[in-house]
Amino acid sequence: MELLPICYWTLLLLAPVLLAFLVYKIYFQKKREIPKNTVLLYQMGRGPHAPSVSPFPMKLETYLRMAKIPYMSDHSVTFSSKGKLPWMVYNGKPVADSQFCIEYLNKKLGINLNKAYADLDVSVGRAFQKMAEEEFYWTMCAVTFGEDLTEVKKVLPYKGIELWIKLTAIKHVVQKEMWGHGIGRHNSKEIWSIGERDLHAISTFLGKKKYFLGDEPSEVDCAMFAMLAMVKWNMPNTPHESLMKSKIDQLGSLL
């Protein structure tokens, strides 16, 4: 008799638990009362040492604080219509993706965190942000969700069977996304060489500046703070953390 692949057995084992979780979400969770002009931020749980176990909720929450926008957090791990976290609801309108949330609020509320800088500076900041979010982030995922899951187990805010279920699901999704991105097709040494060069570039550009672009905070600081906070507090005993410690004179200003 032909055996089912391991991934199918995993899904079969997880199905009853996931079904029970969905029933709970639908029938037992109370609808939250959200004050007018207040963001309801859907995100993952808090980390033991950082505001989140993911950089993108940290980025969006940092933006909300910098822009002084009232918000409430929902840590029920309710995904957006795009199947992602974080996302938000503002005055009844759902907006998915951390960057789209920021751009929506900028336009809706007339917010400009980049007003202290010229367009050229803002453009350079955007380039660094995209390098961090679209490349450096994936090197972090490769290390965090590789063969050894010992350290990430200490960071995720779950215990027992819930930890096993969610870690199994997250690892499967992340590795699939890494393969689609392309970085998952490299070996660990090649992936680290990418992360190392990215962190060197960030450190070199930041130099002795107070904030990423200069003496005043800007929108890019939300993203860069989130990425560096992940390395410092959510990635213990990794090459990323070791290199960051050696660059703390430059990178520490954002933390």
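Tabulated data
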read-out: Net charge of Cβ neighbours under 12 Å - reference G214; Lys, Arg +1; Asp, Glu -1; value: -1
read-out: Average Cα contact separation per residue, the chain, under 8 Å, 6 or more apart, as relative contact order %; value: 21
read-out: Helical segments meeting 24 Å axial Cα length and Kyte-Doolittle 0.5 threshold in the chain (DSSP H); value: 6-27
read-out: Under-5 Å amide H pairs with W87, H placed in peptide plane, nonlocal only; value: Y42
read-out: Spin-label model distance (nm) - K153 vs S188, 7 Å beyond Cα toward Cβ; value: 1.7
read-out: Among L120, L243, L40: highest mean-square fluctuation, GNM of the chain, C-alpha pairs under 10 Å; value: L120
read-out: Interchain or long-range residues, amide H under 5 Å from S73's placed H; value: L41
read-out: Among L254, F205, I183 - extreme Cα towards positive end, dipole of the range 119-254, charges at beta-carbon; value: I183
read-out: Dipole magnitude of the chain, debye to nearest 20 (Cβ charges: Lys/Arg +1, Asp/Glu -1, about Cα centre); value: 820
read-out: Residue among V122, V173, V155 with the largest mean-square fluctuation in a Gaussian network model of the chain, springs linking Cα atoms under 10 Å; value: V173
read-out: Computed lengthening from E177 to R46, 0.36 nm per intervening residue step minus Cα-Cα distance; value: 44.8 nm
read-out: CD proxy at 222 nm, helix term only [per DSSP H run n ≥ 4: -39500 (n - 2.57); per residue of the chain; nearest 500]; value: -17500 deg cm²/dmol
read-out: Residue among L163, L206, L64 with the largest mean-square fluctuation in a Gaussian network model of the chain, springs linking Cα atoms under 10 Å; value: L163
read-out: Segment V124-K68, length gained on full extension (0.36 nm per residue, minus Cα span); value: 17.7 nm
read-out: Ranked by how many other beta carbons lie within 10 Å on average, peptides 67-79, 44-56 from highest; value: 44-56, 67-79
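Quick note: the coordinates plus some simple rules give every number you see, no bench work behind them. Keep in mind it's a predicted model, so treat the numbers as computed, not measured. All Cβ positions, glycine included, derive from the backbone under ideal geometry; neighbour counts span all protein chains shown.
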